[in-house]
Every structure is written in structure tokens, then in C-alpha cells.
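For reference, the structure discussed in these notes is given below.
Readers should treat all values here as calculations from the given coordinates under stated rules, not as data from a laboratory. Because the structure is a prediction, the values reported are computed rather than measured. With ideal geometry, Cβ positions are generated from the backbone for all residues, glycine too; neighbour counts draw on all protein chains shown.
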Amino acid sequence: MEDKKKKKSSAKTLQTAREAGNFGKKILSSAREAADAGRPVVWAMVDWWLGTTIAKAMGMEICYPENYGAFCAAMRKAEPYLDYAEGDGIPNTTCGYARNCIGYTRKLKENNFVIPEDAPGGGMPKPLFLLACGAACDARYKWFQSLGRYMDVPVWTLEFPQTGVMEYFMPGNKKDNINFMVQELRAFVSFLEKLLGKKMNWDNLEAKLDTFFKTHRLAYEVDLLRKAVPSPAVNTDFWALMIPHLYMPDDPEALEFYQRVYDEVKYKVDNKIGAVPNEKYRMIFSELPPWHTLGVFDEYAEKYGVAFAMESWNYHVPSPLPEDEKEKIHDPLELIATYSYHKFNEYAPVALEHRMEPSLFTAPYLKYVKDYRIDGLFAHPLISCRPATYTLMHLRNLLMEKFKVPSVIVEGDIVDLRVFNEEESHAKMEAFIETMDHYREIRKKEGFEW
Amino acid sequence: MLFAGIDIGSTITKVVIRDERSIILYTIRPTGAEHRRLAHEVMKESLEKAGLDFEQIDFIVATGYGRINVPFADAQVSEITCHMRGVSWLFPNVRTVIDIGGQDSKGIKVVDGKVRNFIMNDKCAAGTGRFLEIIADTLGLKLEEIGDISLRSREPAGISKTCAIFAEQEVLLRLSEGASVPDILAGLHKALADRIFAMVSKIRIERDVVITGGGAKNAGLRKWLEERIGFPAVMPPEPLITGALGASILAQEMAAKSVEGDLALKKRARTMEAATFFDDDQ
Amino acid sequence: MTKLKGLARAAQIDKNREERAKEIKAEGGKVAGYFCCYPPLELMTALDYMPIRILGDMNEPLTEADSYLPTVMCCFYRSIMDVAMKGRYNYLDAFIGAHACDGAERVSYIWRSYLKSPCSFYLDVPHTNHAAAIEFFKKQLILLNGELEKTAGKTATAAMIREAVKLHNRQRAMVRQLYGLNRNDPPALSGSEMVQVLVAVMCIPVKEGNALLEEVIEEVRGRAKGPEKKKGRILIWGSLIDDTAMTKLIEDCGLNIVIDDTAIGTRSFWVDVDETDDPYEGLAIRYLDKIVCPRTFRDTKKTRREDLDHRFGYMKEMIKGWGVNGVYFNIIRNCDPHGYEIPELRDYFEQMNLPVLVVEQDYTTTALESLRTRFQAFAESIG
């Protein structure tokens, strides 16, 4: 008998956000169509556009097992896969998405690589190769490597160097980092060419990049618009909208969609229409959302007037590359590498200013609090996702120490949805409102702008 | 020759006295908080029942949680090995032993009469008999009866919380929602069976499967576990003594390996007393 | 008080790991603390920094860590953060963090945010051993050296680094020699003694470490009574063991630890730095490519079998050479690089008819006793 807890969706505040769900469905169905038609499919980690853009230019369809894990969890269908992975010896402390995928793959293998009938959302087809990523955490290459137990499918690990803040500013280091990434991307292209038996279509890649940067530019502008008070869009909108810019910014449909998003948000800003009608508090959220229970944010908004003006650094597009820097780059691989590297390092100056590390998952929030006039951080530690949790306590310390911005901590998990206790989160939020009031006063006394 | 095995579990202490061929008697007593002082009491009681003197026992092997604190034992062997030996003696075709104790649970893979692999859960109460004890308590029922009551259920309630403490809360919630006690119990037994199954799957469950420990006496748990396994399992007539039995068998083997003179020397030096870890005055 | 030698000296240093470092500081010397196997010791030694391997403490209750780190993460690095915030390493002149793994990476960053040293460097270690990665790593090493030079107040010439390479290679060779003595039955050293010796050399200057190793080798060769013969001769694979409480428990249960594939053990000593003209070349290759640890991704081979042999085949030598009859997977809880390997590696050994014991442990002495039954049962099942 299934647990009573149903998926609690958010109504969202933007019309475009409500439509964005189609993009998510598109990812899974295209992958299956491609597999059915005998076209190559790759399972990829979110790689901040480093390798997937290139794979797409070679005509590959991408499947995202991390995304599939979230999907299975939301459908309450992850548990059998988790058990199946653990039953083969994978520790239960590993990434929930990894266990979901490993269990799924084990089942797939036992079914002779025919997608089982009961696979949630129609399942993921057997890939031609696995595209792992060296950024964010170890699971994201070790997990793909461990799939070799069930399928003889090559793994390509994208080298994505992680520079320390101080090291970022050392002369020549940025150039060395990007050179390294470019060399690896060239090797990746060779790998793909050999695997697919055809040459890279560089024109196709250029065209994709053109669309890609345009889409991202719009997404960035939308982020800037959200600085307005009241906030024209909130976290629940973003988490829907992000699908096209994160997974398929090179798709003309994504570009067209984003133009509409921009228009909608601009309209709201111009007319001072807030996403939350009675916006009283502005919060930020870190890091990965409780996908299954996003409706709870609608409740916070209604009950307390809380608007989440910014969230989830890792899903956002970076600022556009400075034009003069971009102009000098003629090699598309160098352009991609530079941009992806930029995503991880653009807040290094903020980190340096505050004499802290790291950039990733942490420094950006030190800028968000100011730019978005933030009253509090909603920290969401996840039991089975370490990269999204490692720096939350540290971030909490920093926000309090440097900006007198308090945090509320509400635990959850990416696959064990029972960990997130809704009632408890409401109790915590209610108490936290007072805390935010208190620190507003303190900030006022200490001369902060907000 | 006579041999004894003593299994000091965290909740129950068991003694088996055997000769070369068969079990003479066995004793089962709750361990209580002071297991160090109890081992020799249970031993004494068993000897009295059998009408034997301590000196007549040729070799004693201790096992279980408290095995290190049995000064009168000639050797101590892990409960994994002892359970395996005890079960193999009773069921020569066993491949998988599932032991469900009060405070821990184990899976043991047996190949050619030896431990090939094993897995233990001694950290999380939700995968042990303790889970049922907590629930029985909450419902005001006796541990011995809940298994049978659960069998009366036609539709097990879904119990979602993995933690024993939270399951307690959920039980109360279900009761207030009008769920029947048999249905709730069935749901809990099923949840426990699922967890045990998940653990033992890691060593690959193969026939013949033997279930031992206090949990084996619970008909509801047996039913749900067998359902998960997919085929029937067997249970020894007295599922609590397999560890002590195995210890007594090992005692026999070790005695056979010892040189005659050494054995006699050992026996004379050994006295039946409690471990003196702590001052009695404290 | 007579100065201790050999194994007794090693035990003494192991018990008080910061003592020599503090003495050196008092004498006006410099100490560099580093994470894991990847920061080259040679660069530190060449500039007269005494390298000290930053370790946690299995005996220390974690009371500070919660303010900086989540509970669900590598217990070892959590412990490191805890003892660091309690001031254990506040004498360091240089802090060298590394991207050895997630735990090392994150704690490197967070450490640097709260604890400032005169010299501080975060060594990004590539995930693969591709040619471009080695090239890049080399550049990182040069940067690291540059930072060390600033606070050392001198330059490290190629000659100085080559000299250091010789010294550290000599140390590694002697450690291998020591391990070699464990091929005998019973092994010449116990696992506990080996941990003490290795931790000791990681806490004193390389020359002193080499002298100590010479003493130990002679002592161990000459002594009448070493470890007892036991049925179980095991290889320990996985997360590091840096405390004899762990090894003593294992040995107590009837097992002889004859060899290991762990970070405090063979991984730090099994291969040397090639004495290349450009010393950075040799360093980059040895530290990134030659060190074998699951954190480094080795390109997939064509078949599963080939891939497994490529990744794990080196252990066949160890099994054969040391007469290993059982393998213990030591997994510090939440360790992902090792955790994901478990199913494949377990089968790999079982196919060689080697029994495998997998234990996820919490890097704390308070939880050790509960592991006794597992080690004992494992020992009983061997032979």
C-alpha cells in the first residue's frame, strides 16, 4: 500500500513557469525516441554545458540520470531501485540518484537491456556511453564507473578543474586551467568521432552555441530583474524555468521560450507586480529543492509573505562573458571551456573580498544577500547529497558573521522524501519570521543597506 | 565425554550440554543487565538440572555478545561461526541462515559447512526484534502474541517510517485513523521482514534457508519473510539455542584436537565463577 | 632519559604526533601540513619545510565539527576539521590542501576560511591521468612551489628538488623493504607496528625518518619474537587506517595484517619519483599517475574484465607475494571513492577464492568494540 503523501506541486506565479514542465518531459521522450530509431543516446551528468553541448552537436540525445532519480523519487518509485543497488553491495550512504540509477541499470541488464514495462516515466534506454563529470562531487564519475558491472559501455570523465579562490588570481593559472579543459575537450571530440564513426559537425556546434548564448543572456537578464522589490518571480518559478536553460539552451524552442519568460518578468517589474502579493520577507534557498513538496513554498508565501528572491546557485546561468574576452576566442571548444569555467569562478572576487573559500555553492550567496536584499537563508541539508550540503553550515556562519543574515535549517533528502517533515518546517518558519525581524533591526543599527 | 556451549546474547543467555552424539539438555534465561555475573549462574543451573558436576564437562566454548566475560570457558568463538555450526548440524543442507535476535540480526552464507559470507545489523533497532518489542509495548500487547495477531490481517497497513521511534508515532496515528490492530501489526511485520530481507540479500539468499533466533518464533514475521524470499524457510524446533549448540559442537572438535594431558590440566585450572571486572563493592 | 630507537621510537612519535614539529618550530624551523598523498613532499623538503601529514583523531569526540560541516560526510575529514578548529595544527607555516576527494576538497576550502597560515595553497588534482592532466598538474606543482618559496624566503633550484627526490625515494624504498619482510610467515611486523612506523615517518623530517627506518629494519630482522603465526594473513584495502586501536582489534581477533592498499600504507610508498631532468616532470607523473587510488579515474577498457584487471590487477601481485588468504575492505563511512568500488572489487577477490569482509566504520575508537565479532567471525572462516 502506497504512502499517503502525494506530490505537492507549486502553483508557481509565472505563466511561463507553468508551461516549462513540457521541456522536462521532452528530455525523456526524445531519448527514448532516439533509442527506438537506433540513434545514439548518452547518459550524462549535469556538466554545466561543458561536454553535453558537444555531444549534442554530434547528434546525440542526452538522458540525465540525476534528473531521472529526482523523477523516480517524486513518483515514489525510487525505493525498489535503491534496494536493488544496495542489495548488490553499494553502501546506503551513497548518492540517492546514484543508487536509483545503479538499481535501474541492474534491472535493465537483467531484462536484456529492454526497458522494463514498469519503469517510471518510460525509463532510460541503454546508452552508447556515459558522460561523467569531475565537477561538484566524486559520485559523478565513480557512479558511472560502477555501472561497468552491468554494461560494457565506455565512460568519459570530463575534466573540470576546481580552482581555489586564492589560486584563481595567480598569474597564468586561469589560462592554464582553460587550456587544460580545452585539451580535454579535444580529446573528447576524438573520442566521440571514433565512437560514432563520423566527424564533428563544427558548423552545427557554432549554430548551437549561438542559440545557447542568446538563451543564457535572457536567463541572466531575468535573474537581474528579480532584484526588484517586490520580486517578480520566485524560487518555485525558477525551478520550473531552469529546465530549458540548464539542459537544452541550444534548442531554438528554449530561446523562444526564454524571450517570453523575460517579457513576462519585465512586465511585472515595470508594473511593480510582485510574485507574492503581500511580500514581507525576502529569502534565499540553498541548495537542491524538495522537488516533491514544492507546494510548501506557496504555503510559506501565503502564511508569512515570504518571497524567495534567489536560490540554488548551481542551476543558474553565469553572467555573460565580457564581450572583449569573448571576441578574442575563435575556437568553440575554448569558448565552451571558458564559459563553464566562468560559471564556477565568477564569484571568486566576492570570495576574495570576504577572505573566504570556496567559490562553488558558497561565495555567490554572499553577493545574493546584498543584491536581492535578503532577510534569511533557508538551508536545506540533504542526507544523501553531499555536494549540496557540504558548505551549508559554513554559509550559515558567513551570512551571520558578515551580513547579520540568519538561517533556518530544514532537512530533507533527494530520494528519501520521508526525511522532509512539512509540519516541522512550518513550525520552524513561523519561529524564523521573528528571527528575521530581529536581524533586520540589527542590520539597520549596523548600517546595512537592507 | 561431555561438552558445553554457552551463548550470552544481549537479551538471552543459552546453555547447551551435549555428549558425543546428542543434546543432553539446554537452558534459556534472560541475560539481564549484568551478564558478566550471570554466565556461571546459568551454567550452574544447567549442571544441576542434568545432575552433573562442573568438572565432568570436558570442554566449554562461549559465544555471543558476552563471550569475552566467561572466565570458565576454554575458548570463545564468534556467534557467526557458532550459529552456522549449530544450524548445519540440524540442517545439513542449509545455505543461508537468518538470525533475528532481540538486539541484532544476521545473515550467514554457508558453503561446504563453513561460513562463506555474513552480514550483521547491530546498529539499527528497526531491523531487529527490538522493533517488535517497542511496538508490542505501544499497543499494550505481549511480544509472544503479536505475530499470530498479525496473521489475522487481510490488508497490512503501510508503515513508512524506517526508524523504530518514528514507527511508534505512526502506529498511534494509524490507530487514531481507525486502522485495525491486526492490519497495523501486519504492516509492521512486513516492514521488518523487508528490512531483514534487504540486509540478507546482500549475501545472496539461497536454499535451504533456516531462520533462527527469537524472531523465528514469530509466525507473522516468518510469513512475510518467506513471501519476500519467494520460497519457504525452515525453523529449528528451538530456534534460540542454535548458537549454544554450535558452540558445544565446536567444544567437541576442540577437545578432540587437544592433547589428552592438556585437557586434564585445563579442567583442573578452570573454576566456575563470574568475571571479576568490577568490584562487587562498587 | 635515553633516546628511544626503532619501533619504540616509532611508537613514541605515533603517540605524540606533533612533538617533533613543535620542536622544529622552537628551533626556528618551518613546518608544512598537507592533506592526503598528492602534495609532493619533495617540494616541502627542498625548501626546508618539515612535511607533516594532517590526520584526524579517532579518540577525539567531535564537538566542533558540527558548526562547520554536515554530519553526513567522510568521518575522517570531519575529524580533521574538528581537531584543527581546536588548535591542533595552529603552528603550521604552510597549509597545503588538495582535491584528493570531496572531503579533502571541501575541508581544504573551509579550513582556509577560518584558519590562516603564512603560506596556504589548494592543490587541484585532476581526476584522470590523461597527458593533459599530467601537464596541468605539473603547472599546479610549480605554482605550489612558488607559494612555498615566498614564505621560505628562498628559491628551490632543480638541484635542491632532485636532492629531496632522492631522500624521499630512499624512504619509500625502505618502507617497501619493510613490507617485504612481511612476506614471511609469520610476518616480521604486526599491522600495528607498521602503522606506528608509517605515521611516525609522516611526522618527522625525511632524514630522521630514513634513520628511523634503518633502525626498524635492523631491529625487526634481528629480533627473536615478532608477531605470532596466525591462520589469517590479510590485505587491507580501502580508506586509511591511522590508529593502532583499529589494527590491534583486528590482530586480536586472530588475523595478521601482512599488507595493505591504503593511503597511510602502500599507496604513499609503493612507487618512486623518476629522477627526470625536469624534476617537476617526475613529480607530476608519480603523484598523479603512479599513485593508485580509486579517486583517480582510469579510462574504461573495452570489456569489464579488462577494465577490472586494469584498475585492480596490481593487487594480484600483493596477494601472491604476501600469501594473502583474506581481504578486509576498510570503508570509512560516507567514503564515496571506495564505496562505489565495493561490489566489483569484492567479486574480483572472491573469484580468486579470497574471502572478503566489508565493514563501514565511523573513525572513532568508541565504536570499535562492536566490530570485534565481525573480525573474529572472519578470522574463523579463514583456513
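Okay, here's what the table says:
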{"quantity": "In the stretch C:241-323, the trypsin sites (Lys or Arg not before Pro) that fall in loop regions by DSSP, at most 11 other Cβ within 10 Å", "calculated": "C:LYS302"}
{"quantity": "Cα-based shape type of the stretch C:17-160, given that a ≥ b ≥ c are square roots of the gyration tensor eigenvalues and the cut on a/c is 1.5", "calculated": "oblate"}
{"quantity": "Anchor A:LYS174: aspartates and glutamates whose Cα lies under 16 Å away (excluding residues fewer than 8 positions away in-chain)", "calculated": "A:GLU159, A:GLU184, A:GLU325, A:GLU334, A:GLU346, C:ASP124, C:GLU135"}
{"quantity": "A:GLU357, B:GLU170 arranged by Cβ crowding within 10 Å, fewest neighbours leading", "calculated": "B:GLU170, A:GLU357"}
{"quantity": "Virtual spin-label span in nm between C:CYS293 and C:ALA159, 7 Å along Cα→Cβ", "calculated": "3.4"}
{"quantity": "Hits among lysines - C-alpha to C-alpha of C:LYS86 under 17 Å, sequence gap 8 or more where chains match", "calculated": "C:LYS22, C:LYS116"}
{"quantity": "Pairs beyond 19 Å (Cα-Cα), from A:LYS56/A:LYS194; A:LYS404/A:LYS445; C:LYS30/C:LYS138; A:LYS280/A:LYS303; A:LYS175/C:LYS138", "calculated": "C:LYS30/C:LYS138"}
{"quantity": "Filtered trypsin sites (Lys or Arg not before Pro), the stretch B:14-92: DSSP coil and at most 14 other beta carbons within 10 Å", "calculated": "B:ARG21"}
{"quantity": "Dipole magnitude (debye, nearest 20) for the stretch C:17-160, charges at Cβ of Lys, Arg, Asp, Glu", "calculated": "220"}
{"quantity": "Averaged over A:149-155, number of beta-carbon atoms from partner chains that fall within 10 Å", "calculated": "4"}
{"quantity": "Entries of A:LYS326/A:LYS367; A:LYS8/A:LYS326; A:LYS268/A:LYS367; A:LYS142/C:LYS154 with Cα pairs more than 31 Å apart", "calculated": "A:LYS8/A:LYS326; A:LYS142/C:LYS154"}
{"quantity": "Estimated FRET transfer efficiency (A:MET151, B:VAL111; beta-carbon r; R0 22 Å; 0.05)", "calculated": "0.15"}
{"quantity": "Rounded tilt (10° steps) of B:35-50 against the dominant C-alpha axis of chain B", "calculated": "70"}
{"quantity": "Distance from the stretch B:139-182 to the stretch C:204-236 (C-alpha centre basis), Å", "calculated": "58"}
{"quantity": "Unit charges at the beta carbon, dipole of chain C: most positive-side option, C:SER117, C:PHE329, C:ALA211", "calculated": "C:ALA211"}
{"quantity": "Positive minus negative residues near B:SER180 (Lys, Arg vs Asp, Glu; Cβ under 13 Å)", "calculated": "0"}
{"quantity": "Nearest-20 debye value, the stretch B:93-229 charge dipole, Cβ charges on Lys, Arg, Asp, Glu", "calculated": "580"}
{"quantity": "Part-to-part distance (alpha-carbon centres) for the stretch C:354-383 and the stretch B:192-256, which is given in Å", "calculated": "21"}
{"quantity": "Within-14-Å neighbourhood charge of C:GLU135 [Cβ basis; K, R +1; D, E -1]", "calculated": "-3"}
{"quantity": "Spacing of the two label points (7 Å from each Cα toward its C-beta) at B:THR138 and C:THR71, in nm", "calculated": "2.0"}
{"quantity": "Projected label distance in nm at B:CYS163 and B:ASP262, using a 7 Å step from Cα toward the beta-carbon", "calculated": "5.1"}
{"quantity": "Dipole magnitude of the protein assembly as shown about its Cα centre (Cβ charges: Lys, Arg +1; Asp, Glu -1), debye to nearest 20", "calculated": "820"}
{"quantity": "Shielding score for A:158-166, defined as the mean number of other chain Cβ atoms within 10 Å", "calculated": "6"}
{"quantity": "GluC sites (Glu not before Pro) within the stretch C:12-47, DSSP loop, no more than 10 other Cβ atoms inside 10 Å", "calculated": "C:GLU27"}
{"quantity": "Anisotropy class of chain C from Cα gyration tensor, a/c 1.5 cut", "calculated": "rounded"}
{"quantity": "Peptide B:80-90, shielding by other chains (average Cβ, 10 Å cutoff)", "calculated": "2"}
{"quantity": "Residues whose placed amide H lies under 5 Å from that of B:PHE118, excluding near-sequence neighbours", "calculated": "B:LYS109"}
{"quantity": "Listed pairs A:LYS107/B:LYS190; A:LYS25/A:LYS214; B:LYS202/C:LYS225; A:LYS77/A:LYS199; A:LYS126/C:LYS139; B:LYS44/C:LYS230 exceeding 32 Å between Cα atoms", "calculated": "B:LYS202/C:LYS225; A:LYS77/A:LYS199; A:LYS126/C:LYS139; B:LYS44/C:LYS230"}
{"quantity": "Cα-based helix-to-principal-axis angle, C:131-152 vs chain C, degrees rounded to 10", "calculated": "60"}
{"quantity": "Rounded to 10°, Cα long-axis angle of helix B:219-229 versus longest principal axis of chain B", "calculated": "80"}
{"quantity": "For the stretch A:380-428 versus the stretch A:291-307, the gap between their alpha-carbon centres in whole angstrom", "calculated": "16"}
{"quantity": "Prolate/oblate/rounded call for the protein assembly as shown, Cα gyration tensor, a/c under 1.5 rounded", "calculated": "oblate"}
